[in-house]
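In what follows, a single structure is set out as structure tokens and then discussed.
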Amino acid sequence: MSAQQIRVAWIQGGAAKCEILPPLPSRVFRLVLLGAPGVGKGTQAELLCERLGTCHLSTGDIFRAAKGLAEGERSPALEAALSYMKRGNLVPDQTVLDLVHERTSCLRCRSGFLLDGFPRTVAQAEAFAKIMAQEQIPLDAVLNYDLPIEKVVARLSGRRTCPKCKAVFHVTGRPPRVEGICDHCGTKLQQREDDRPEAVRVRMEVYEKSTKPLADFYRQRGLLVTIEAEGTPEEIYQRTLTALGSAGGGRQRHPSRTNAD
Ligand code: AMP
């Protein structure tokens, strides 16, 4: 079982531990992923974690998992976070930082980590840099997936999802066998509200305003590795590996303290 599938310590926080040890990867990467909605960051995260054995630490996944908890099981901070998320807003920095602080052991995971969705603001990046310095954990690189806005709009506005089994298609890039119908369960496909072109432009504006300054933050610190996000997922993945090689990313495995030890 990979670190990707375990992640109990990250998803639950607190005293939860990843009891099952994943196999040790031959190179340990500690990475942050950046990229606007629609650049294919999620697909790259999956490929990187699957193939490099890196642990996928997504803050969005913590919130989505919390949605499934009974009301009494959620802390007041999580409850508040979910109401921001429901409205499509960013969760306040302090709430996100409290959650990450609670999960510092995951940053020492022997599988390394791929942070996805955090940091999302410069304030979060500054606080994260402090945690990493205190814990003496080096960050290898910040992967910044880049795609022109017209292409993002085309990708997202062509996306169709199955409301039943959650399969994802694209009207031109990955069309279903029968137009508008899910290949797997035969349900009528839908377009997500926020994938409509007008909504995509708004999401891009929010991204530009709050998250893009992060690229500058990491560029100034010599950690930013920008990757052109055009082409197939495999092409982008290969480009990422090349970029990581030239960024000197990844350390030979070493007996670090871990949440799984
Ligand atoms: P994601 O899956 O990363 O797109 O996150 C889904 C939602 O969770 C976002 O729209 C935010 O409401 C919230 N969220 C996740 N990570 C963060 C973060 N680092 N800062 C603020 N809000 C976040």
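The values are calculated or read from the model by the stated rules, or taken from the named source; none is laboratory data. All values derive from a computational prediction rather than experimental measurement. With ideal geometry, Cβ positions are generated from the backbone for all residues, glycine too; neighbour counts draw on all protein chains shown. Each accessible area value is taken on the protein alone, full model and side chains, heavy atoms only, with ligands, DNA and RNA left out. Shrake-Rupley method; radii C 1.70, N 1.55, O 1.52, S 1.80 Å.
Structural remarks
- Screening the stretch 211-261 for residues that are small (Gly, Ala, Ser) and not in a loop (DSSP other than H, G, I, E, B) and picking the one that is modelled with the lowest pLDDT gives Ser246.
- Enumeration of residues in the stretch 180-210 that are out of contact with any helix residue (DSSP H, G or I) (no Cβ under 9 Å at 6 or more places or on another chain), assigned to a helix (DSSP H, G or I) and hydrophobic (A, V, I, L, M, F, W, C): Val206
- The sole residue among Ala45, Ala16 that is within 16 Å of the ligand (Cβ to nearest atom) and either open to solvent by 10 Å² or more (accessible area, probe 1.4 Å) or touching a strand residue (DSSP E or B) at 6+ places or on another chain (Cβ under 9 Å) (or both) is Ala45.
- Residue check for Ser105: touching a residue at least 60 places away in the same chain (Cβ under 8 Å) and more than 24 Å from Ala243 (Cβ to Cβ): yes
- Entry remark, the stretch 56-80: residues being farther than 29 Å from Met204 by Cβ and open to solvent by less than 30 Å² (accessible area, probe 1.4 Å) number 0 in total.
- Residue check for Ser83: within 11 Å of the ligand (Cβ to nearest atom) and loosely packed, with under 14 Cβ neighbours inside 10 Å: yes
- Residue within the stretch 20-31 that is within 22 Å of Leu223 (Cβ to Cβ) and near the ligand (Cβ under 10 Å from one of its atoms) present: no
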